[in-house]
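To start, the structure itself, in C-alpha cells.
The values are calculated or read from the model by the stated rules, or taken from the named source; none is laboratory data. Note that the structure is predicted; figures quoted are calculated from it, not measured. Quick reminder, even Gly has a Cβ in these numbers, built from the backbone with ideal geometry, and neighbours come from all protein chains shown.
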Amino acid sequence: MKTAPNTYLWLAAALLAALTPMPAAAEAAKFPPVQPAAMQAWQDKRFGMFIHWGPVSLTAHEIGWSRGTQTPIEVYDNLYKQFNPTLFNADEWVKVAKDAGMKYIVLTTKHHDGFCLWDTKLTDYNIMNGPFKRDVVKELAAACHKGGIAFGVYYSVCDWHHPDFPLTSPGGSVKRATSDLDAYNKYLLGQIRELITNYGPLITIWNDVPQMFQGRGVKTIEMVRALQPDITINNRSGDGGDYETPEQQIGGFNMTRPWESCMTVSAHNAWAWGGAKDGVKPLADCLKMLVSGAGGDGNVLLNVGPRPDGVIDPAQSGRLKEVGEWLAKYGESIYATRGGPFKPGKWGASTRQGKRIYVHAYQFDGDSLELPAISATITAAHVLTGGTVEFQQSDAGITLSVPAASHAAIDTLIALDVDRPALDIAPVAVARKSGSLANGAHATASNVFQKQAGYGADKAIDDDLETRWATDAGTRQAWLEVDLGKPQTFSKVAIHEWEGAPKRIQKFEVQFKDGADWKTIFAGTTVGPGFNRAFPPVTARVLRLNILDAKDGPTLDEFEVLK
Ligand code: H79
C-alpha cells in the first residue's frame, strides 16, 4: 500500500505472516466444513469483485489504517456525517462486475474502522445516521440477486472503533483502558446474524484480521453453518475456515485446499478509493492474475474502491471491462476449470476441464514452449487466440511450436485435447529458468542471507516470483553472477527487486565477462519490482548484476536475461 508508516511495518509483517500462509488441509478443521457442493460452486466462479468503500473514501486514504495516522481519529470518526454518495446505484456496480466477467461480489460491510454500511440495530455508527440514509448492503444484495450474481460480505473481526474491543487505532496497536471482549463477540455474532438473516442468501463471509479471536472464530462458524449451511467462510475467523486468502499475491499451486487471492486493480494497491491520481494496473497484470490464479487452482477477488460519490471510477471499470472482453471470448479456459496439470510460473499457466488442457503461454523460447511429460496422449492442439501450433510429444516432454505471428499480446491460449480426463493427469512443474535464454544457466552470489539455501542465488533465476535471492541484513554491496552455460546473445535484462523491500538498491551496474575483465553494459540507480532495460545485443556466457550501493541487504525475486 502506498503510505506505510514505518512504525507499522512490524505490525504489517506480523499480520501478513498470520494472514497468508497455506496450512496443510489436515490442519484446518475445528468445525464442520461447508457442503462440498457449495465449495465447488464457489470455486467454479473463479473471479469475483471485492469492494472497499465507506466514509473514508472521502479522504482518498486507506480504509481503517488511516484512522489515527493520516486522518486524526476524531476527524475519521466524523467523516460519516459528510458521506453522501448521491450517485450510488447498486445496479451499476453489478453491471460493472458482470461486464468484467465476475461471478460474485464481496462488499466491506464493516472494515477495521467499525463503520457499518447497513441498517444495523446493534450500533448507531452506520449509514442510516449520515446524510445518505440508504441501506447500501440491502441495495447491493438486491441488485446482485436481481442480476444473477452471488453476493458475499466482508466483515472485519477486529474493530478499532468499538468501545468493547480491546485494541484501538492506529492499526490496532493501542490497548484500551477498559474493554470487554465477550461483549464485543456478542456484537460480532449479532451483526453477522443480521447480515445472513436480512441480506442473504450469501455466498461467503469474508472475515478479516482476527485479532484476539483464536478460540472464538469457531463460534462464528458454527452460527453461520446453522443459519445457512452453504455459506463459505474464509480462513480469517480466528479459527480458520473453508479457504485460504493470500493477499496482494497470487497463491501457489494447490489443489487440496481451496484458496482465493485478493488483489487490487489500483496501481498503488489501494483498497479504498485512492484519488484521481491513483491509477490502475495494466491489463496484462490483471489478466495474468486471473489466469495464474485459475492455473494454481484458485479464485481471484479483484478489488475496486468506488469514489465517495458512489461511482466506480471509469479508470477502474474500464480496465475491468477489458478483462471481461477477454473472458467473453476465452472464459471456457477459466470458469469451472481446475488448475494444472502444468503448474503456473512466469512462463504461463494451465487449466483443465474434461479431456482438454488449456495452456496459457505468456512467454516462448523463440517459437517454442517446452513442457514436461504428462501421463496422457495429446490428440490435437489449437491456438484459441488465433493462429497455428504444432506439437511433438515424447517420453521426454512436449514441445509446442507456435510461430511469432500466432503469439497473442498477453496470453497465447492453446487447447490441448487429450485421450483421457485431464484431471487424472498428475500435476507437473515446468522446470524453467528465468529469461528466455537462461535454461541451462546457474547463478552464484557474493552473499546469501544466513547462508540459507532457501535464499540462494539460484532463487533469482528460477522463474518463480514466490522465491528470492536475499543477502544478509546490512549488506551494502553484493553481486549476482549468471552463467548461461554457453555464450549467448541477449539484449535485455529484467530485474524484479522483492516487493516486500523494494528500492533497497541505490546504485548498480550490469556487466558481462570478457576474458578476465568485467565490461559494463549499463549502470543505474534504483531498481524496484518491475525494472527492465534493453541495450544493443551482447554475446557472452557470464554476466552479473553488480550492486555498488544499497540501503540494506538487496533481495531479488528474479534476474532475467532476455533476447
Ligand atoms: O481490507 C484489506 C486490508 O485493509 C486488510 N485486508 C485486505 C482485504 C488488511 N488488514 N491488515 N492487513 C491487511 C495487513 C496489514 C497491511 C499493512 Fe499497512 C501494510 C499494514 C502496514 C503495512 C496499509 C499500509 C496499512 C498500513 C499501511
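Can you run down the residue pairs with Cβ atoms below 9 Å, 6 or more apart or on separate chains, where the first is in region 440-453 and farther than 16 Å from P554 by Cβ and the partner is β-branched (V, I, T) and surrounded by 19 or more Cβ atoms within 10 Å (Cβ to Cβ)?
Hits for this filter: A441/I461; A441/V482; A441/V561; H442/I461; H442/V482.
Can you tell me which residue within region 466-505, out of those that are aromatic (F, W, Y) and in a strand (DSSP E or B), is nearest to R541 (Cα to Cα)?
Within region 466-505, the match that is nearest to R541 (Cα to Cα) is F490.
Quick check, is Y362 surrounded by fewer than 23 Cβ atoms within 10 Å (Cβ to Cβ), modelled with pLDDT of 95 or more and of a type in the set (S, T, Y)?
Yes.
For region 34-70, which positions are more than 16 Å from the ligand (Cβ to nearest atom) and in a loop (DSSP other than H, G, I, E, B)?
Scanning region 34-70 gives V34, Q35, R46.
Has region 265-280 got any residue that is in a strand (DSSP E or B) and in contact (Cβ under 8 Å) with a residue 12 or more places away in the chain?
Yes, region 265-280 contains a residue that is in a strand (DSSP E or B) and in contact (Cβ under 8 Å) with a residue 12 or more places away in the chain.
If I ask for residues that are more than 30 Å from the chain's Cα centre (by Cα) and not aromatic (F, W, Y), which ones from region 476-492 would you list?
R476, Q477, A478, E481, D483, L484, G485, K486, P487, Q488, T489, S491
In region 173-213, which residue that is in a strand (DSSP E or B) and farther than 12 Å from V157 by Cα is nearest to the ligand (Cβ to nearest atom)?
T204
Using beta carbons and a limit of 8 Å, which pairs, at least six apart or on different chains, have the first residue in region 285-303 and part of a helix (DSSP H, G or I) and the second one of a type in the set (D, E) and more than 16 Å from the ligand (Cβ to nearest atom)?
Taking only residues 6 or more apart or on different chains, the pairs are C286/E322; L287/D411; K288/D411; V291/D411.
From the residues in region 118-139 that are among the basic types (K, R) and touching a residue at least 12 places away in the same chain (Cβ under 8 Å), which one is surrounded by the most Cβ atoms within 10 Å (Cβ to Cβ)?
Step by step, filter region 118-139, then rank; the result is R134.
Among T399, T379, T412, which is the only one that is hydroxyl-bearing (S, T, Y) and surrounded by fewer than 15 Cβ atoms within 10 Å (Cβ to Cβ)?
After applying the criteria, what remains is T379.
In the set D417, D365, D424, D395, which member is closer than 27 Å to L562 by Cα, out of contact with any Asp or Glu (no Cβ under 7 Å at 6 or more places or on another chain) and of a type in the set (D, E)?
Going through D417, D365, D424, D395 in turn, the sole match is D365.
Considering each residue of region 191-210, count those that are β-branched (V, I, T) and either in contact with an Asp or Glu (Cβ under 7 Å, 6 or more places away or on another chain) or in contact (Cβ under 8 Å) with a residue 40 or more places away in the chain (or both), and give that number. Step through it out loud before you land on a result.
Just the residues of region 191-210 that are β-branched (V, I, T), to begin with: 192, 196-197, 203-205, 209.
Of the ones still in play, those that are also either in contact with an Asp or Glu (Cβ under 7 Å, 6 or more places away or on another chain) or in contact (Cβ under 8 Å) with a residue 40 or more places away in the chain (or both) are 203-205, 209.
So the answer is 4.
Within the set of pairs 6+ apart or on separate chains, which have a first residue in region 62-75 that is not assigned by TED's automatic domain parsing to the domain that holds T264, a second that is among the hydroxyl-bearing types (S, T, Y) and within 8 Å of the ligand (Cβ to nearest atom), and C-beta atoms under 6 Å apart?
none
Closer than 18 Å to S446 by Cα and modelled with pLDDT under 95: does that describe E509? Walk me through how you get there before you give the answer.
Working: closer than 18 Å to S446 by Cα: yes; modelled with pLDDT under 95: no.
No, not satisfied.
Could you identify the single residue in E466, E390 that is surrounded by fewer than 15 Cβ atoms within 10 Å (Cβ to Cβ) and touching a Gly at 6+ places or on another chain (Cβ under 8 Å)?
Exactly one of E466, E390 is surrounded by fewer than 15 Cβ atoms within 10 Å (Cβ to Cβ) and touching a Gly at 6+ places or on another chain (Cβ under 8 Å), namely E466.
Here is a yes/no grid of residues against (1) under 19 Å from the mean Cα position of the chain (by Cα); (2) hydrophobic (A, V, I, L, M, F, W, C):
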| position | (1), (2) |
| --- | --- |
| G215 | no, no |
| I221 | no, yes |
| A226 | no, yes |
| I231 | no, yes |
| D242 | yes, no |
| M255 | yes, yes |
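Would you say A29 is within 16 Å of the ligand (Cβ to nearest atom), outside the structural domain of E247 (by TED's automatic domain parsing) and modelled with pLDDT under 95? Step through it out loud before you land on a result.
Numbers: within 16 Å of the ligand (Cβ to nearest atom): no; outside the structural domain of E247 (by TED's automatic domain parsing): yes; modelled with pLDDT under 95: yes.
It is false that A29 is within 16 Å of the ligand (Cβ to nearest atom), outside the structural domain of E247 (by TED's automatic domain parsing) and modelled with pLDDT under 95.
For R338, indicate whether it is within 25 Å of H268 (Cβ to Cβ) and basic (K, R).
Criteria not met by R338.
Whether any residue in region 321-328 is at pLDDT 95 or above and basic (K, R) is what I want to check.
yes
So which of K98, K133, K110 is charged (D, E, K, R), over 24 Å from S261 (Cα atoms) and in the same structural domain as I233 (by TED's automatic domain parsing)?
Selected residue: K133, the only one of K98, K133, K110 that is charged (D, E, K, R), over 24 Å from S261 (Cα atoms) and in the same structural domain as I233 (by TED's automatic domain parsing).
Among the residues of region 86-124 satisfying the criterion of being closer than 30 Å to S173 by Cβ, touching a helix residue (DSSP H, G or I) at 6+ places or on another chain (Cβ under 7 Å) and in a loop (DSSP other than H, G, I, E, B), which is farthest from the ligand (Cβ to nearest atom)?
Per the stated criteria, the residue is L122.
Being within 13 Å of the ligand (Cβ to nearest atom) and either in contact with a His (Cβ under 9 Å, 6 or more places away or on another chain) or assigned to a loop (DSSP other than H, G, I, E, B) (or both) is the filter; apply it to region 1-26 and report the residue that is modelled with the highest pLDDT.
Restricting attention to region 1-26, the residues satisfying the condition of being within 13 Å of the ligand (Cβ to nearest atom) are 1-20.
Keeping just the survivors that are either in contact with a His (Cβ under 9 Å, 6 or more places away or on another chain) or assigned to a loop (DSSP other than H, G, I, E, B) (or both) gives 1-5, 20.
Values: M1: 39, K2: 37, T3: 36, A4: 38, P5: 39, T20: 44.
Filtering region 1-26 for residues that are within 13 Å of the ligand (Cβ to nearest atom) and either in contact with a His (Cβ under 9 Å, 6 or more places away or on another chain) or assigned to a loop (DSSP other than H, G, I, E, B) (or both), the one modelled with the highest pLDDT comes out as T20.
From the list A373, A415, which residue is touching a residue at least 40 places away in the same chain (Cβ under 8 Å), assigned to a loop (DSSP other than H, G, I, E, B) and farther than 27 Å from G530 by Cα?
On inspection, the qualifying residue turns out to be A373.
Does region 279-289 contain any residue that is away from the ligand (no atom under 16 Å from the Cβ), buried (at least 24 other Cβ atoms within 10 Å of the Cβ) and under 26 Å from I203 (Cα atoms)?
No, every residue in region 279-289 fails to be away from the ligand (no atom under 16 Å from the Cβ), buried (at least 24 other Cβ atoms within 10 Å of the Cβ) and under 26 Å from I203 (Cα atoms).
Scan region 179-187 and tell me whether some residue there is surrounded by 23 or more Cβ atoms within 10 Å (Cβ to Cβ), at pLDDT 95 or above and under 17 Å from Y125 (Cα atoms).
No, because not a single residue in region 179-187 is surrounded by 23 or more Cβ atoms within 10 Å (Cβ to Cβ), at pLDDT 95 or above and under 17 Å from Y125 (Cα atoms).
Just checking, how many residues over region 544-553 are of a type outside the set (V, I, T) and closer than 11 Å to K507 by Cβ?
The qualifying residues number 5.
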